[in-house]
Each structure stands twice: as C-alpha cells, then as structure tokens.
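The values are calculated or read from the model by the stated rules, or taken from the named source; none is laboratory data. None of the values given here were measured: they were computed from a predicted structure. When we count neighbours, we look across all protein chains shown, and the Cβ atoms used for this are built from the backbone with ideal geometry, even at glycine.
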Amino acid sequence: MALLACILAALALFTTPLVAANADTSAAVKEIDRATNASLLWGPYKPNLYFGVRPRIPKSLAVGLMWAKVEDYTSVQHNFRHTCEQHEGMAGYGWDAFDPRRGGRQTIHDAGNQIDISTEFVKIPGGEHGGSWAVRVKGTPRPDAPENLKTTVITYASLEGLGNVGVKDDNAEEPGYQGDVNFLGQTPELGKFVLKVTKGKGEHPGEEHPEYQKKPLDHTFVHSFQVPEQAIWQVKNVLFAHLKQNVEACVEEYGQEHMPPPEQIYTIINKPGLGSLHLVQKVFEGAFEFDVLYSSASAPKEVTSEVVTEEIKAITGDFSKRYDEVLKPQAPFDDEHYEEFSKSLFSNLVGGIGYFYGDEVVDRSYDPAYEDEDEGFWEQAAEARARNEPKLEGPYELFTSIPSRPFFPRGFLWDEGFHLLPIVDWDIDLTLQIIKSWFNLMDDDGWIAREQILGAEARSKVPAEFQVQYPHYANPPTLFFILCAFTEKLKSEVLSTDQETVAGQAGSLYLQNHAAAVQYLKDLYPLLKKHYFWFRKTQQGDIKSYDREAFSSKEGYRWRGRTPRHILTSGLDDYPRAQPPHPGELHVDLISWIGMMTRSIKDIASFLGEDDDVDEYAKYYEAIVRNIDDLHWSALHQAYCDATVDAYEESTLVCHKGYISLFPYLLGLVSSDDKLGAVLDLLADPDELWSDHGLRSLSRRDALYGTDENYWRSPVWLNINYLAVAALHGTATNATSPHAARAAALYNDLRRNLVDTVFDSWQDTGFAWEQYDPDTGKGQRTQHFTGWTSLVAKIAAMPEVKVAKWADADSRHDEL
Ligand SMILES: *[C@@H]1O[C@H](CO)[C@@H](O)[C@H](O)[C@H]1NC(C)=O
Ligand SMILES: *[C@@H]1O[C@H](CO)[C@@H](O)[C@H](O)[C@H]1NC(C)=O
C-alpha cells in the first residue's frame, strides 16, 4: 500500500518539470535558505540559561540575564539565577507561548527569590542581517514577598569572534546612568547594530549608607570587561570575582558592623567602555519592567518599546489562533486547562531549540576491542577505553532541540526524532533545518555521535567519563520519522487534486515549492544512504555461526557498546537483556529500528526515482520482516524477544517482556494478525504492561521489574507510549483488521491515561518530568523534561476513535 503510493508519486513527478527546472530550482532553494535563515537567525538559542539569546552564528553576540534577591549579605551568591538548574526553588518556569519564527512569552516562577520574572521575546524582521529583536523583562513579587523586596538584575552582552561592542554614551566619571544605556556594535555577519537597555519602570531602594561611595540605586551601572574568549560563558564567575573585590574593600573600610546595605554592596562599579563582556545592572524595590532592544542598522527602523508592546500582543494572539488550528487538544481534553498545559509543553519544546558550537571529545582509536567480538568483550572494551586517548575534534555546529533545559541542555540523536514529531505539524521547514544540521555532523563513514556535547560550556554539565563519543556507537535512527512524514506530505501534495489544502497547512516554503522540496531530499539522500549502510555494517549480528534458522542469513542486529548492566546505545539503558552479554546476541528493538529505517529510505528513494536502490531496500525490508519472526518470535512466550547463545552454543530466546517486545508493532513490522493479537494481549494486561498511567517499560511479571537502577524497568516513558498510541490508532482505524475494535478501545484509554498523568503532575509540581511512576502516576527523575514528554501535546491533539458498541473498554482483557 505504502509502496504503491510511492510508485504513483514517482510517476506523477515525471509530469512536473523536475529536471528541466534545475536553474530555477537551485535559485528557489537558495531563496528558501535565505528566508529561513533570516527568520530563524535569532532566538533564545542558549536554552541552558533561563534567558539567553544568540544568533545561529558560530561566534557572535550573545545576551543573557541574571538576577537575585538582595535581602541579606549571605544568601545573595546562592540566589543568583543564570543557568537553569533543578531544585533551586523554582515553582515552574518556561515558555507559555512560543513560535520560533516570531517569539513568545516565558514566565519564571522564582519562589526562592519570591519573584516571578517574565521574558517576552519578539523578533522584528527587516534589513539584511536577520532582523531585530527585543525582550521585555518584568518582575512581579510573589504573594509571600516583603513589600519592599529588593531584586538586583543584570543584563549582559558578550561578543566572541570578530567585531566590537561598546557603550555609546560614555559616562565613566558618573556613578551610573540615569536613562537608557545604548551600546553600539558591529560584526562581519550582523553588520552594525544598536543594543539598548531601557531605563524601564519601577521603584529603587532609597536608603544609602552615609559614607559609602555614591552609588544611587536609581541609576543603572555598566561595567565592561575584557574576558578571554574561552571564559566568556562563565559570566557568573566574572561577576562574582568582581563583587568579591567590592565586598572585601567594604569590609576593610567600614568593618563588619557598619557595612552598607546588601543591595548597595552587591553592585558592580560603573566602568563602561569597550570589551568582550558588558554587565548592565539595575536594582529594584518591588515590581519592575525594562526592555532590551536590539536593532540591526540595516533594518528600516529602530525597535522601540512601543513596538514591543504591540508585537507581543500580536504574537501571543496569533500563536493561540494557530495553535487551535494545528495542535488543539481534542475531546475529552477540550477544556482550557488542557489547552494551557498543551501550549506550555509545546512552547517549551520549541523554546528549547538551541544553537551549539564547539569541539567535542571523540575516541578515534578504532581499537579492535570495540568490535565486541569475543566472549568477555565488555571487559576488553573497558580496558581499551581506559587505554585510548580521546581527542577534541571539530569545532562543529548544531541546531537542535533538547531533552531538558536544566539537565540535558544539548543535542541527543534519538531524542531529536521524537522532539520533531510535534514540531513537524507546526513548522516543517524548521524541522528540515534541524535534520540537515544533524546530518551535517555525520563523519565520512556515516556515523553521527549520539550525544552532542559541543564546546566547554556544554561539557561543564557532563562528567568526564560520559563526554567521550565512540564512532562504533549507534543510537535509534529516529530522524527518519520526520523524513518519512515529510515524504508522505509531499506525496499527498502530488496526488492531491486540491493542492491548496496541503500547501496551506503549515505555511511551509518547501511544501509550496515542490521542486525545492525534492531538491532538499536529493541533497540529503547521499547522507541518508551512507548513514543507513553504516548502521547495517557496524551493528551487524551473527546469524551464521550459531546455526540459526532464518529466512535471511544477514538481517540480524546487535547493539555495540553493551556492558552487563547497560546498552546505553539502545537508548533503553538498563532494560534487561541476556546475561552474560554474548557476541551472538540479537536485539529485537534494533532490527525493528533498522526495519523502520529501511522502509523510510525505500520510500524516499522511490520518491526520488532511485529505482535500483528501491529494489535493494525492498529486498532488505522483506528479509527483515521475515527475520523478526524467525529470529525473535517466541511461540512459548507469545512475544518478540532478544536472542542469545546459551552455554551449549545453542541459539536461544531471552524474554524480558516489556517495551522491546512491542517494537515490531510500534514500528509497523508485525507480519500476522495472530502475532498482533498477542502483542495487544501483552500491552493490555495490567499484570504485564498496562497501567492507569501509561505502558510500563517492563512487565510487572518480570523478575527484574522495578529492580536496580529502575530506569527502564517499570517507569512510564512518553516516547515509547507515543509510538504505542500511534500504532494503536493505525490498527483502530484499519477497517480490515480483526483487531480494530479492540485497538480503538485501547487507544482511547491509553491516550486518556497518558494525557491525564502528565497533566496531573504538571499541575501539582509546575513541571513536565522525564518519566512517570506506573503506580502513582507521579513525575520523577529529571525535572523540566520538556523534550519527548512534550509528545503529550500531540497525543492530546489526536482524535478520539469511536468504539463499536460490542467492544467496550472492559472487554480489552478478554481472550479474542
Ligand atoms: C545567515 O545569516 C547570517 C547573518 O546575516 C550570515 O552570516 C550567514 O551566512 C547566513 N547563513 C546562510 C546559510 O545563509
Ligand atoms: C489492515 O489490516 C490488515 C489485516 O491485518 C492488513 O493486511 C493491512 O496491511 C492493514 N492495513 C494497514 C494500512 O496497515
């Protein structure tokens, strides 16, 4: 069916002037690149910070925010907010509304500092250099705050690379600025620009120490530092070192007993000038508001506070309208609480998109021990890892979303395909940019590092032993989800008689320009192919040595890099596998991933008219589907299982029922209705995977359920649950499937359980979580996990399916 659609699409293409339009096509592609670059140049692309703006340029201007309550001498250092951290007294934070092309609003409920900070970020197109932008920063004391709550706020601007930034109005002799502070700057990529920090609104602490150097707190203080490039990101350290000098000088002068008040001591010395790092400090009492306005000199007009007021209103209004069209929660979630929740999770997913640049640590020794070929291979591999010297390589750049701003503020390969699933509905072209960025990281062999820890700032969040990337490590190829979705949309466009409906859907330049879209896939295709064959080769399993009977003697796969406790490369870290590890193992999740990848690349090849390749992929695909049955189906356990080799060198199945047993179904590779029935039995059984809060990662009946690290051994994960929801929806709406009615009931129940579980925890705690407890439904592990947990927005937007009367929800556990 899918293949037929692809063939039709390929034929239809010959009627469009694909080949003849070459010059036009490359012009169109350039134009799309230019437009995309302009509207995506700026963003809050330092998602590791509560607020950090930078352009998608390797070395350039960056603007960030820090603040603290200054009520006493001792807690100030501890109260300074800059990088997102878990458990520092936040009652939730993040984007309530965000559109990556235009901007949005973030609210930070800083309970520890007794203040709510909002950052309203707007992009204003115009000019030659990616437009202008602005952020309005507002502080609103929380109900428990003292009436005269004192808050110190520092905006900073830093510059890496060529160019300069300096203060326009030099008043180094003055104690500070009474009005706006204007910076002028220029860089080769940004041209000339003005950066203005407005005076803003708000009261200031009045009491001054009689003798202390005159520093009226209704002034704004500016200090310019010349900081070495590699230290610029450590702006908090620069600030603290500077403040420490002040405090020590004060202690010396006045003694502990007669110190000036803390809000005065913890101010920087006004010393504006040229520099690579400029701090701009304001001290407020109670509520406050000010703007940071960046105007490209090439834009027709300078940005003003009035423009910001108008724009933020327009942007949040348009966002809501568009959200209703694209991702509006459907029944039974059609009330405003779910809508707010869904918008918040989606906005945090897209608001978490970052731009990263820097070198990364790679072990390129290609040590033979990394082949994992001998028994005891994990010990040899560990010795090799200890012996080999990883090196820095790069620098590389990456445009990507991230799993969690406080804890995983960097790119993760297999997370990214899941992240892009909700985003592809909102902005296809953005997802295509991100995919291109990932594939540009591929090395000559076809390998992409699964965790992208680019640069010192990113590395500062990761223990040294986890920084090293190994070019024999794979990770689930989820980016193919998006390429498949894109190809499907293109095909439906070609086949559609009503082109408007498709093209109008996402305002996508690629969908509106078919030839450019084809060109995008054409350019990417060689990389996809290389990656695909790298995968098959490096993760090859051994079928022949163990007398395994299978349709194909080639299609069997084994994750490399496993240890007795973990297969980190599978993404399912501690999920139970064969013990001890064996070079004869075959992993059912991996062959399923490769099956999905094969089907996707086959469809893309077919769309592009690469007919020889299509034939080749089709053969692999058939062999994979057959081998999943031959190598991984246990008639005894009525489940798909990993295979290994026992003490007698016999091939045998190892069945820890759980997520891996679902993979052939999740990725569309189940060959028969009988097996599909068995998968549904496993999925629906409350003594196995089913819980009121989503599907458990491991069967409750498994001896290892909930044991050891208990990471993937019972908790509910949203990424796998999303795949289950999508697969059930497919079965539920398949009129010829004997399991349609049952799948419909399961689909509705699972969908409801998942949305309610994530919603309830969000209401309780203010956060989305990495995973959920299958018994209590409580969110756990990483806080503010707005990566794939945000798939819940997409789940909520899926339609409820009508269930035939005779198959109500209660019958789902019955035998068929
Ligand atoms: C994007 O815009 C920046 C700033 O104008 C420029 O330096 C960069 O080369 C552009 N990139 C592309 C791919 O056009
Ligand atoms: C629907 O179910 C039938 C019966 O199992 C199967 O042959 C067919 O491929 C399914 N259709 C789709 C689109 O999955």
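From the residues in the stretch 654-672 that are assigned to a loop (DSSP other than H, G, I, E, B) and closer than 22 Å to ALA578 by Cα, which one is nearest to ligand 2 (Cβ to nearest atom)?
LYS657
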(message) Is it the case, given these coordinates, that ILE32 is at negative phi, touching a Leu at 6+ places or on another chain (Cβ under 6 Å), among the hydrophobic types (A, V, I, L, M, F, W, C) and modelled with pLDDT of 85 or more?
(response) yes
(request) Would you please name the residue that is surrounded by the most Cβ atoms within 10 Å (Cβ to Cβ), looking only at residues in the stretch 275-306 that are more than 18 Å from LEU190 (Cα to Cα) and among the hydrophobic types (A, V, I, L, M, F, W, C)? (result) PHE284
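Listed here are the residues, each with its yes/no results for (1) in contact with a strand residue (DSSP E or B) (Cβ under 8 Å, 6 or more places away or on another chain); (2) surrounded by fewer than 21 Cβ atoms within 10 Å (Cβ to Cβ); (3) at pLDDT 95 or above.
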site: LEU392; (1), (2), (3): yes, yes, yes
site: THR431; (1), (2), (3): no, no, yes
site: SER437; (1), (2), (3): yes, yes, yes
site: ASP443; (1), (2), (3): no, yes, yes
site: ALA449; (1), (2), (3): yes, no, yes
site: GLN452; (1), (2), (3): yes, no, yes
(message) All but one of (1) modelled with pLDDT under 95; (2) surrounded by fewer than 15 Cβ atoms within 10 Å (Cβ to Cβ); (3) not in a loop (DSSP other than H, G, I, E, B) hold for LEU816; state the number of the condition that does not hold.
(response) (3)
(request) Find all pairs meeting these conditions: Cβ atoms under 8 angstrom apart; at least six residues apart or on different chains; first residue within the stretch 732-753 and within 19 Å of LYS675 (Cβ to Cβ); second residue in a helix (DSSP H, G or I) and at pLDDT below 95. (result) ARG742/SER811; ARG742/ARG812; LEU746/ARG812
(request) Identify all residues within the stretch 306-336 that are in a loop (DSSP other than H, G, I, E, B) and not basic (Lys, Arg); write none if there are none. (result) LEU327, PRO329, GLN330, ALA331, PRO332, PHE333, ASP334, ASP335
(request) Of all residues in the stretch 621-653, count the ones that are part of a strand (DSSP E or B) and touching a residue at least 12 places away in the same chain (Cβ under 8 Å). (result) 10
(message) So LYS215 ticks every box in (1) in contact with a Phe, Trp or Tyr (Cβ under 9 Å, 6 or more places away or on another chain); (2) within 19 Å of GLU174 (Cα to Cα); (3) modelled with pLDDT of 95 or more but one. Which box is left unticked?
(response) (3)
(request) Identify the residue in the stretch 709-755 that is surrounded by 21 or more Cβ atoms within 10 Å (Cβ to Cβ) and among the basic types (Lys, Arg) and, among all such residues, is farthest from ligand 2 (Cβ to nearest atom). (result) ARG713
(message) Can you confirm whether ALA684 is on the phi < 0 side of the Ramachandran plot, surrounded by 20 or more Cβ atoms within 10 Å (Cβ to Cβ) and not aromatic (Phe, Trp, Tyr)?
(response) yes
(message) Restricting to the stretch 167-209, and then to whatever is aliphatic (A, V, I, L, M), crowded, with 21+ Cβ neighbours inside 10 Å and more than 11 Å from THR220 (Cα to Cα), can you tell me which residue is farthest from ligand 1 (Cβ to nearest atom)?
(response) VAL167
(request) Filter the stretch 55-90 down to the residues that are within 17 Å of LYS244 (Cβ to Cβ) and assigned to a loop (DSSP other than H, G, I, E, B), then identify the one that is nearest to ligand 2 (Cβ to nearest atom). (result) HIS82
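Conditions tested, residue by residue: (1) more than 30 Å from PRO406 (Cα to Cα); (2) more than 27 Å from the chain's Cα centre (by Cα); (3) outside any helix (DSSP H, G or I).
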{"site": "ALA727", "(1), (2), (3)": "yes, no, no"}
{"site": "ALA735", "(1), (2), (3)": "yes, yes, yes"}
{"site": "ALA743", "(1), (2), (3)": "yes, yes, no"}
{"site": "ASP749", "(1), (2), (3)": "yes, yes, no"}
{"site": "LEU754", "(1), (2), (3)": "no, no, no"}
{"site": "VAL758", "(1), (2), (3)": "no, no, no"}
{"site": "GLN763", "(1), (2), (3)": "no, no, no"}
{"site": "PHE767", "(1), (2), (3)": "no, no, yes"}
(message) Can you find, within the stretch 673-689, the residue that is farthest from ligand 2 (Cβ to nearest atom) among those that are free of Cβ contacts under 8 Å to residues at least 40 places away in the same chain and part of a loop (DSSP other than H, G, I, E, B)?
(response) ASP687
(request) Starting from the stretch 268-288, keep only residues that are part of a strand (DSSP E or B), then list their pairs with residues that are crowded, with 20+ Cβ neighbours inside 10 Å and among the acidic types (Asp, Glu) whose Cβ atoms are within a distance under 9 Å, requiring at least 6 positions of separation or different chains. (result) VAL283/GLU263; GLU285/GLU263
(message) Can you find a residue that is within 21 Å of the chain's Cα centre (by Cα), acidic (Asp, Glu) and closer than 30 Å to ASP318 by Cα anywhere in the stretch 92-103?
(response) yes
(request) Find the residue count for the stretch 368-401, including only residues that are under 24 Å from PHE535 (Cβ atoms) and not in a helix (DSSP H, G or I). (result) 13
(request) Determine the pairs where a residue that is under 12 Å from PHE399 (Cα atoms) and in contact (Cβ under 8 Å) with a residue 40 or more places away in the chain, located within the stretch 25-48, has a partner that is within 11 Å of ligand 1 (Cβ to nearest atom) and assigned to a helix (DSSP H, G or I) with Cβ atoms under 8 Å apart, the partner being 6 or more residues away or on another chain. (result) LEU40/GLN433
(message) Restricting to the stretch 701-716, count the residues that are under 22 Å from LEU676 (Cβ atoms) and within 20 Å of the chain's Cα centre (by Cα).
(response) 0
